[in-house]
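Remarks on the structure that follows.
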Amino acid sequence: MGFRIIELKLPTGYSENELKERIAKECRSRKFTWQIETKSLDARKKGSIHWLLRVGVSSQEIKGEEPEPGLSLEIPYLRKNKRVVITGSGPAGFFAAYVLQKAGFDTLILERGAEVDKRAKGIADFEHTGEFSPVANYSFGEGGAGTFSDGKLTSRSKHISPERDFFLSEYIRAGAPEEIRYMTHPHVGSDNLKRIVKNLRKAYTEMGGEIRFEKTVLGITVKDGKMMEAVTEEEPFPADYFIFAPGHSSYETYRMLIAAGVQFRTKGFALGCRAEHLQSDINRAQWGVEGLPGVKAAEYRLASDGDGKHPVYSFCMCPGGIVVPAATYRHINIVNGMSFYGRGGEFSNAACVAGIHPDELTGRKATPLEALEWLENLEATFFDYSGSYRAPFCSISDFLHESEPHKVPETSYPLGLVPAPLWNMIPKGVADSLKSGLADFCRKIKGYEKGTLLGLESKTSSPVQVIREKNGLCTGFDNLFLAGEGSGYAGGIVSSAADGIKIAMNIIGSCG
Ligand SMILES: Cc1cc2nc3c(=O)[nH]c(=O)nc-3n(C[C@H](O)[C@H](O)[C@H](O)COP(=O)(O)OP(=O)(O)OC[C@H]3O[C@@H](n4cnc5c(N)ncnc54)[C@H](O)[C@@H]3O)c2cc1C
């Protein structure tokens, strides 16, 4: 059997038949099988937007050898009778537990939030009544922070390929569309994610893994550098190894770990707002037309040097999405974005943030605890401003000209908007950089100034990072690992899952 990779340029609304015909023509054969390797939208020239496909074709009638498959994750089965307690069921914690369970370890996940159906109901109630649930919200609960998201599965890290492939395969097995394997900007949408996390839980528990919801780890006991137990309100959980994967929003978990001697340092993170636009405006600006057959909704990724003091960039764009009240605690008012697989909503949204270091915000060398406290206080001021979870807003044009907003715009945000001088509510240095960056974005995307800025976006990355060894072990501890976004070494669904998988593989390796 011969094999060839061909590159095809296809119209956006191409059909499967058209694809087959093009392959047949390129390979001069009608007997073949094929697999898409990569698929990306080339929208550089508005008049000729098309898909670029790399297709692997196998046929008796063509020459060439199939390339060797890349490295894949080899999980040995050890049956070591070792217990691992994992805190957090987000991508990092869940995939660490999943891999360890597969390798024959005895694993237990403790998750402070609710299982996904109860969580979905809690979120729906919150968006209907404004009554916040500490166990069922956008940050905490089964599947972690990304369960109610756009489910973008992009990752900028080049060093996670076997882990990424394993993660994608398990996602597909759990119901994600096959295309996540080859799309350059893959996403699964919140509607698929709920099903995926449930199916993953089923696969995990069928292997013997255990997961307990609404169980918060409140403390740890440590003896001679060895963690002995994860302590919850009801009972302690002893184990041989402990992995914390609490995400970057669980402030009291950070505080508890720091008090127990886990060492952290501060690091740069980002602050800003969420920019919302009519999706039709973004489509017109990016494509020159309001819609294209075979493409869901236009995306953008923007970056600017701003005023030269802080880099300004867009982040986590949700085409056809919804801006969501992402409060992590009562009396904290922050926003984030999500969308469904169809990306069919009327609006697009994306974070528009400026990178900054906590030292600059606190005006001196900040300790990790001070950095967290500073951020938490800022998040609380947005709640104080609106006295609720309504999002403070102004238009992009208001922000640029510091003019008081007066007209409440149409929005996808479910809990209502309150006019606010956002440029005064965000630290001045950040606001100034955002202003320059936004002005730049207005030059790059036609009509960008017509958009609305909502609330505070403070969760694009963590302001602190654990001090850990290469294998993920917290420095000074024998058996305590910190994984995922909360460790400060990962950000996003894929890289957090990959970090959890790597730590699991390190534990397996040390027991082999
Ligand atoms: C609305 C929204 C949209 C997003 N969209 C995307 C996207 O499209 N693509 C993308 O790549 N990323 C997205 N992200 C970011 C992504 O979700 C995170 O980067 C990722 O989930 C981090 O994974 P993690 O496992 O490290 O932590 P998390 O997913 O945050 O999971 C941590 C879990 O630990 C639990 N926990 C914390 N402390 C304790 C404790 N003491 N005891 C017990 N349990 C505890 C929490 O309840 C939580 O479930 C989005 C985030 C949000 C909030």
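The values are calculated or read from the model by the stated rules, or taken from the named source; none is laboratory data. Keep in mind it's a predicted model, so treat the numbers as computed, not measured. A quick note on method: Cβ atoms are made from the backbone with ideal geometry, for glycine too, and the neighbour counts reach across all protein chains shown.
General remarks:
- Among residues of the range 13-40, those that are surrounded by fewer than 16 Cβ atoms within 10 Å (Cβ to Cβ) and over 21 Å from Q60 (Cβ atoms), counted: 7
- Only one of the numbered conditions (1) buried (at least 20 other Cβ atoms within 10 Å of the Cβ); (2) assigned by TED's automatic domain parsing to the domain that holds K226 is violated by T452, and that is (2).
- Selection count, the range 197-211, where residues are surrounded by fewer than 20 Cβ atoms within 10 Å (Cβ to Cβ) and assigned to a loop (DSSP other than H, G, I, E, B): 2
- Any hit, the range 416-425, residues being surrounded by fewer than 16 Cβ atoms within 10 Å (Cβ to Cβ), in a loop (DSSP other than H, G, I, E, B), touching a residue at least 24 places away in the same chain (Cβ under 8 Å) and not polar (S, T, N, Q): yes
- Within the set S395, S403, S388, the sole residue that is within 25 Å of D307 (Cα to Cα), assigned by TED's automatic domain parsing to the domain that holds R343 and surrounded by fewer than 17 Cβ atoms within 10 Å (Cβ to Cβ) turns out to be S403.
- Within the range 372-415, the residues that satisfy the criterion of being among the aliphatic types (A, V, I, L, M) and outside any loop (DSSP other than H, G, I, E, B) are L372, L375, L378, A380, A391, I396, L400.
Conditions tested, residue by residue: (1) within 27 Å of R44 (Cβ to Cβ); (2) charged (D, E, K, R); (3) surrounded by fewer than 16 Cβ atoms within 10 Å (Cβ to Cβ).
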site: H277; (1), (2), (3): yes, no, no
site: W287; (1), (2), (3): yes, no, no
site: G308; (1), (2), (3): no, no, yes
site: A327; (1), (2), (3): no, no, no
site: F340; (1), (2), (3): no, no, no
site: G344; (1), (2), (3): yes, no, yes
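- Top-ranked residue of the range 149-195 - restricted to ones that are more than 15 Å from the ligand (Cβ to nearest atom) and aliphatic (A, V, I, L, M), ranked as surrounded by the most Cβ atoms within 10 Å (Cβ to Cβ): A174
- Yes/no for G294 being over 24 Å from the mean Cα position of the chain (by Cα) and more than 17 Å from L372 (Cα to Cα): yes
- Single unsatisfied condition, V353 versus (1) more than 20 Å from the chain's Cα centre (by Cα); (2) assigned by TED's automatic domain parsing to the domain that holds Y313: (1)
- In the range 474-500, the residues that are more than 14 Å from the ligand (Cβ to nearest atom) and either closer than 20 Å to E170 by Cβ or of a type in the set (D, E) (or both): D478
- Of all positions in the range 91-100, none carries a residue that is on the phi < 0 side of the Ramachandran plot, in the same structural domain as K198 (by TED's automatic domain parsing), surrounded by fewer than 24 Cβ atoms within 10 Å (Cβ to Cβ) and more than 11 Å from the ligand (Cβ to nearest atom).
- Flag if P91 is in contact with a helix residue (DSSP H, G or I) (Cβ under 6 Å, 6 or more places away or on another chain) and under 22 Å from I160 (Cα atoms): yes
- Tally, over the range 426-441, of residues that are out of contact with any strand residue (DSSP E or B) (no Cβ under 6 Å at 6 or more places or on another chain), within 15 Å of R274 (Cα to Cα) and of a type outside the set (F, W, Y): 4
- Applying the criterion of at least 2 residues that are within 13 Å of the ligand (Cβ to nearest atom) and touching a residue at least 24 places away in the same chain (Cβ under 8 Å) to the strands (runs of 3 or more DSSP E) found wholly in the range 212-284 leaves 219-223, 241-244, 269-278.
- Scope the range 87-108; condition of a type in the set (A, V, I, L, M) and within 20 Å of the chain's Cα centre (by Cα); matching residues: A92, A96, A97
- Of residues in the range 129-165 being free of Cβ contacts under 8 Å to residues at least 12 places away in the same chain and more than 24 Å from S461 (Cα to Cα), the one nearest to the chain's Cα centre (by Cα): E131
- For the range 41-82, the set of residues classified as under 24 Å from A498 (Cβ atoms) and outside any loop (DSSP other than H, G, I, E, B) consists of R54 only.
- Qualifying residue in the range 21-33 (condition: of a type in the set (D, E), under 11 Å from L8 (Cβ atoms) and modelled with pLDDT of 95 or more): yes
- Set S436, S496, S462: member being buried (at least 24 other Cβ atoms within 10 Å of the Cβ) and part of a helix (DSSP H, G or I): S496
- Of all residues making up the range 473-491, the number that are surrounded by fewer than 24 Cβ atoms within 10 Å (Cβ to Cβ) and in contact (Cβ under 8 Å) with a residue 40 or more places away in the chain: 6
- Some residue of the range 119-132 being among the charged types (D, E, K, R), surrounded by fewer than 24 Cβ atoms within 10 Å (Cβ to Cβ), in contact with a Leu (Cβ under 7 Å, 6 or more places away or on another chain) and farther than 29 Å from K39 by Cα: yes
- So A490, is it of a type in the set (A, V, I, L, M, F, W, C) and in a loop (DSSP other than H, G, I, E, B): yes
- Test for K470: is it away from the ligand (no atom under 16 Å from the Cβ) and in contact (Cβ under 8 Å) with a residue 24 or more places away in the chain: no
- Within the range 127-148, the set of residues being part of a helix (DSSP H, G or I) and either more than 8 Å from the ligand (Cβ to nearest atom) or at pLDDT 95 or above (or both) comprises E127, H128, T129, G144, A145.
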